[in-house]
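The values are calculated or read from the model by the stated rules, or taken from the named source; none is laboratory data. Please read all numbers here as calculations on a predicted model, not as lab measurements. Don't worry about glycine lacking a Cβ; one is built from the backbone with ideal geometry, like all the others, and counts go over all protein chains shown. To get the accessible areas, we keep the full protein, side chains included, count just its heavy atoms, and leave off ligands, DNA and RNA. Shrake-Rupley method; radii C 1.70, N 1.55, O 1.52, S 1.80 Å.
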Amino acid sequence: MSSLSITSKQAITSKRAITPQQARAIWMRAQRLDEVAPFGKGPAATRAAVEHLGYVQIDTIHVIERSHHHILYTRIPDYARADLEHAQSRDRSVFEYWTHALSYVPSTDYRYFMPAMARHREQPSRSFTSIDPDDYSALLKRIRRHGPLSIRDIEEPRVEKEHPWDSRKPSRKLLKYGFYTGDLAISERVGMLKRYDLTRRHFQWQQRPRPATERQLARYYLTRALRAQGIVSLNSICYGNASMKPLVASLIETEVRQKRLLPVHIDSRSGPQHWAEPATLDQPAQLDGTPLVHILSPFDPLVIQRKRLKLFFDYEHRFEAYVPPGDRVFGYFALPVLIGDRIVAVLDLKTDRQQQRLLIQQWTWIAPRSTELKAAIEAELERFERFQLA
């Protein structure tokens, strides 16, 4: 039997059917979007949020507040940007590395990223093959002697870019190589300016962690997804890491056989096979209390997996920052608005920092427009504006 098919008789006969409403409630509860302040406040809340979600995506677009701050604000009403700086640079509870994109990741998970670091060293990408080993050794020696370093601290002749997003400074490539191989860690960020330090010194390790094995890595992907997604598919578990699918599929088969996971079918929806833990499926089928309003980042964990979002919420998000203006539907930087368990509108927003105000470039209704929904969104927009301008 193929490890990707997972079609044992036991899996088929024990499949649990749930409604789309229940599926949404489970996912939102896993994402902690059904509570006002699920992680508390202060630096400890930032650490707890990143540890629960598994990663918080970083992005450079600054039309409104950058995605990493936005994602944390969505789950921490009293979030302050300094809390993330504290987590990264002072208590070192989060670090930056590549998941499906550059992200903040819990430092407790560092060992699960070490196999990728080893691959970057053993099989460097084409962009790193031109690196001079002597230049790289000199860079490490400079950081070892003089402390953390940013690209602005390096004076050198500029060269032609090989790619539009490259730097004209050759040393940026050396810093990136050190980052991907794990020799260097980003010890501090000021805006999008990164300062690099020796990884061992940054984390104050006496001994480097032991790298995870492939099987431990598969378990990590599954556990992280179950915690942050509630109901999982092979695609959602291995998002951005497709090479892990065979190992994760084999692990799922074992978990199903031992009844620690149950196959799940979302009523009236076609799509990939899903699984959940039995206790997760015993949760209430709907959210309790007054529906909360969330203006979501397009890089939010609830939004970034577009096919999953469409399956659960029957809403297809469009990220149109790189789409020609005439072809846009929702606008340059569209933000879905979640009220309760429905995406009811999409707002294209821009922060005018000079005039100190939040601009609504375009308002698109997904649900039928109503006075009540509009009032709820406008109230949340006022709070969102205060966060933007803080």
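Run down the lysines and flag those whose C-alpha is under 26 Å from the C-alpha of Lys15, throwing out any fewer than 8 positions away in its chain.
Lys245, Lys259, Lys307, Lys310
Ignoring ligands, DNA and RNA, what accessible area per residue does the chain give at 1.4 Å, in Å²? Intermediate values should be presented prior to the final figure.
Values: 19340 Å² over 390 residues.
On a per-residue basis, the chain sits at 50 Å².
Around Phe299, what is the net charge, scoring Lys/Arg as +1 and Asp/Glu as -1 over all other residues with Cβ under 11 Å from its Cβ?
Combined, the nearby Lys, Arg, Asp and Glu give -1.
Under a Cβ-Cβ cut-off of 9 Å, what is the net charge of the residues other than Glu96 that fall near it, where Lys and Arg count +1 and Asp and Glu count -1?
+2
Could you tell me what percent of the accessible area of region 11-67 is made up of carbon and sulfur, with a 1.4 Å probe and every protein chain present?
Of the solvent-accessible surface of region 11-67, carbon and sulfur hold 49 percent.
Taking all protein chains in place and a 1.4 Å probe, what share, in percent, of the accessible surface of region 222-273 do carbon and sulfur account for?
The nonpolar share, carbon plus sulfur, comes to 50 percent.
Give me the one-decimal nm value for the distance between modelled label points at Arg269 and Asp314, 7 Å along each residue's Cα-to-Cβ direction.
In this crude spin-label approximation the distance works out to 1.1 nm.
222 nm [θ] for the chain, helices only, -39500 (n - 2.57) per DSSP H run of 4+, per residue, to 500?
Details: 15 runs with 144 residues, N = 390.
Rounded to the nearest 500, it is -10500 deg cm²/dmol.
At 0.36 nm per residue, and after removing the present C-alpha to C-alpha distance, how many nm does the segment from Gln258 to Ala390 gain when stretched out fully?
Values: separation 132, 0.36 × 132 = 47.52 nm, distance 5.07 nm.
Contour length minus Cα-Cα distance gives 42.4 nm.
Quote to one decimal, in nm, the extra length available between Arg215 and Glu122 on full extension: 0.36 nm per residue of separation minus the C-alpha distance between them.
31.4 nm
How high is the FRET efficiency between Glu85 and Arg227 when r is their beta carbon distance and R₀ equals 35 Å, given to the nearest 0.05?
0.85
Treating only the Cβ of Lys, Arg, Asp and Glu as charged (+1, +1, -1, -1), what charge dipole size does the chain show about its Cα centre? Round to the nearest 20 debye. Walk me through the intermediate numbers first.
Working: 59 positive and 44 negative charges, 212 e Å.
Roughly 1020 debye, rounded to the nearest 20.
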